[in-house]
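The structure under discussion appears below in the form of structure tokens.
Each value in this text was obtained by applying a stated rule to the coordinates, not by laboratory testing. Being a predicted model, the structure only gives us computed values, none of them experimental. Neighbour counts are summed over all protein chains in view; Cβ atoms, including those assigned to glycine, are modelled from backbone coordinates with ideal geometry.
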Amino acid sequence: MSYYYKYNFTTPEVVYSTVKEELKSYFDTGAIDDLLFPTYLDKCLRKLGRATYVIAEDTIHIDDFVARLPDNFYAVREAWMCSEIPQTPYQTATSFYSQAADVTTIQVSPVISNGQPCTNFNCTTGCPECMPELIQAVYKTNGQVTRGYRKEYLLKPGNISTRGQCDVSYTNAWEFASAVPSPNEFTPNSAGYDSFDIRDNKFVTNFRNGTVNLIFYAVEYDGLGNQLIPDNYRIREYVEAFIKYKVFETLSNQINDETFNQIQQKLMYYKQMSEEAFIMADIEIKKQDSWSKQRRIKNDLNRFNMYELPNRTSRYGWRRNN
């Protein structure tokens, strides 16, 4: 199982507003607009790599070798083959309190006792005049979570030819070179027994039915339809510098009041700023957090433990580094 650092994501509207305010004279005259800002943002995130996308997790069920991917899917990070285990469910730590045995329906007003409603419209909890023996009961409800699956092994990316996309039918010659007894349990012409493939917005495997725990890079949007960006100073500075550079690149291809040399100097200036900001952002996303540094230190300390002699009796000064 891999470890990863999850960024906090925010809307790019702050970056867009900064660019339009600092270059307001070009936007006020209509020489440029913000129509291509989402396209520029997409170019920035793709250039920085998958570390700038949201890491999400989902459970997909394989049916006849394929399963539909989530709508916000961008790329696979991990795909774990899961197996079903007979294990008792566990109770959740949170509780829900209600005044009805059926937690989906709670009657607040008017109060009804034995099928007779309260005649006082201002009564919400039952008054002594109309309901002298009314007692409001409170029900405590705890949910249960079923522990029915566990991770078995990590699937590997590969090329898989499914039955519906093959021009020729399968032969049974592959059975002699395989330990799998039935062709219904394995797809021939695949890269391996534990491989998967992404095609046509579908997750294709070489086993017919099963459950896969999918950890993937997702594309998330805010309420205005803007793609979310990591809430990191260096990344936001790079997005801002890149958008300014693309603005002046667009202005250089248009006719305006400024001379070509003036626009060209501004273009080269913001292009240099964009490239410098990209270097800083690229360094920022490659930095190790404190947990990654601890794991690297432990791995370096334990890398020579495999050469310890099994019959060594004198171990003074030696200790386990984990």
Checklist entry - How many residues, within the range 11-36, are of a type in the set (A, V, I, L, M, F, W, C), in a loop (DSSP other than H, G, I, E, B) and either free of Cβ contacts under 8 Å to residues at least 60 places away in the same chain or within 15 Å of Gln227 (Cα to Cα) (or both)? => result 2
Item to check | Residues that are surrounded by 20 or more Cβ atoms within 10 Å (Cβ to Cβ), within 22 Å of the chain's Cα centre (by Cα) and over 17 Å from Asp34 (Cβ atoms), drawn from the range 233-243 | outcome: Ile235
Item to check | Odd one out for Lys266, checked against (1) free of Cβ contacts under 8 Å to residues at least 12 places away in the same chain; (2) charged (D, E, K, R); (3) in contact with a helix residue (DSSP H, G or I) (Cβ under 8 Å, 6 or more places away or on another chain) | outcome: (1)
Checklist entry - Which residue out of Thr10, Thr18, Thr39 is under 17 Å from the mean Cα position of the chain (by Cα) and of a type in the set (S, T, N, Q)? => result Thr10
Item to check | Condition met for Thr39 (of a type in the set (Ser, Thr, Tyr), farther than 26 Å from Ala218 by Cα, out of contact with any Cys (no Cβ under 9 Å at 6 or more places or on another chain) and not in a strand (DSSP E or B)) | outcome: no
Checklist entry - Restricted to the range 190-224, and to residues that are outside any strand (DSSP E or B) and among the hydroxyl-bearing types (Ser, Thr, Tyr), which residue is farthest from Glu78 (Cα to Cα)? => result Ser190
Checklist entry - Could you list, in sequence order, the residues of the range 244-259 that are in a loop (DSSP other than H, G, I, E, B) and either surrounded by 22 or more Cβ atoms within 10 Å (Cβ to Cβ) or among the aliphatic types (A, V, I, L, M) (or both)? => result Ile255
Checklist outcome for this item: Among (1) of a type outside the set (A, V, I, L, M, F, W, C); (2) in contact with an Asp or Glu (Cβ under 6 Å, 6 or more places away or on another chain); (3) in a strand (DSSP E or B), Arg234 falls short only on (3)
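To keep it simple, each residue is scored yes or no on (1) under 26 Å from Glu13 (Cα atoms); (2) more than 23 Å from the chain's Cα centre (by Cα).
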| position | (1), (2) |
| --- | --- |
| Thr205 | no, no |
| Asp222 | yes, no |
| Gln227 | yes, no |
| Tyr245 | yes, yes |
| Tyr270 | yes, yes |
| Lys298 | no, yes |
| Leu301 | no, yes |
